[in-house]
Amino acid sequence: MPRLLSLAAASLITLVVSAADVPTVTVTKVACVGDSITQGSGTKGKGMPYPDQLQALLGDKFKVGNFGVSGRTLLKKGDFPYTKEKRYQDALTFAPNVVVIMLGTNDTKPQNWKHEGDFEADYKDLVKSFQKLATKPKVFLCRPVPVPGTGNYGINEANVQKEIPRIDALAKELGCDVIDMHAALEAHPEMLPDRVHPNNEGAAEMAKAAAKVIASK
């Protein structure tokens, strides 16, 4: 009996040591925050929105969550503010390690841009709401995608151009990095067939731009 007990104890010790030798796999959680472009309007087929394609590029050490909501604005006085959405709360409770924010496209609409004076303050509030999470995520601000020609739905390139320097300045002030989604698609208007929403190929270019910046940090 003592011999059996000794063998059992030895086996248990071996199991404990073996378990300790197994490396812990840390998964980096990435929250993609945005409007219909993030949600995937304009793409066709499963796995085509840019966050899904970003997941494929980053691999299994990352978990990418899509928290895009169609038609939503950064501006709190906009017609459909993102921060009033449940998906915003979901993004916070996701406890991300990385946050990618791409808002501003719907803010260019005339009924929303009349509140442009609040753009910086509202953007700061959104960024800080993530920065104060216990996970202390790295936050990336995106320059919005280009709006070819006359745009659509009231969305226009003229106001996108006004947003870009403000986003760049906010990123510097808040210690964030910039992902240039505008440059990623600027030479490819054919990838924005409705002059607002990237198609599958456009979403792929966005995913590449995001993956390159995230992987370098």
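The values are calculated or read from the model by the stated rules, or taken from the named source; none is laboratory data. These numbers were taken from a predicted model, which means no experiment stands behind them. All Cβ positions, glycine included, derive from the backbone under ideal geometry; neighbour counts span all protein chains shown.
Numbers at a glance
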| item | result |
| --- | --- |
| Contacts under 8 angstrom Cβ, first residue in segment 32-47 being closer than 11 Å to V145 by Cβ, partner among the acidic types (D, E), 6 or more apart | G42/D194 |
| Pairs, first among the aromatic types (F, W, Y) in segment 52-66, second surrounded by fewer than 19 Cβ atoms within 10 Å (Cβ to Cβ), C-beta under 6 Å, six or more apart | F62/T28 |
| Of residues in segment 79-118 being farther than 28 Å from K208 by Cα and among the aromatic types (F, W, Y), the one surrounded by the most Cβ atoms within 10 Å (Cβ to Cβ) | W113 |
| Helices (runs of 4 or more DSSP H) completely within segment 123-217 that count 3 or more residues being under 14 Å from V99 (Cα atoms) and either touching a residue at least 60 places away in the same chain (Cβ under 8 Å) or within 13 Å of the chain's Cα centre (by Cα) (or both) | 200-215 |
| The listed residue being loosely packed, with under 14 Cβ neighbours inside 10 Å and over 13 Å from V33 (Cα atoms), out of K136, K63 | K136 |
| Members of segment 54-73 found to be among the small types (G, A, S), in a strand (DSSP E or B) and out of contact with any Ser or Thr (no Cβ under 9 Å at 6 or more places or on another chain), listed by number | G65 |
| Lone qualifier among I214, I164, I179 - being modelled with pLDDT of 95 or more and buried (at least 22 other Cβ atoms within 10 Å of the Cβ) | I179 |
| Per-region count, segment 1-53, residues modelled with pLDDT of 95 or more, in a helix (DSSP H, G or I) and of a type in the set (D, E, K, R) | 1 |
| Number of positions in segment 57-88 that are in contact with a Phe, Trp or Tyr (Cβ under 6 Å, 6 or more places away or on another chain), more than 20 Å from G154 (Cβ to Cβ) and charged (D, E, K, R) | 1 |
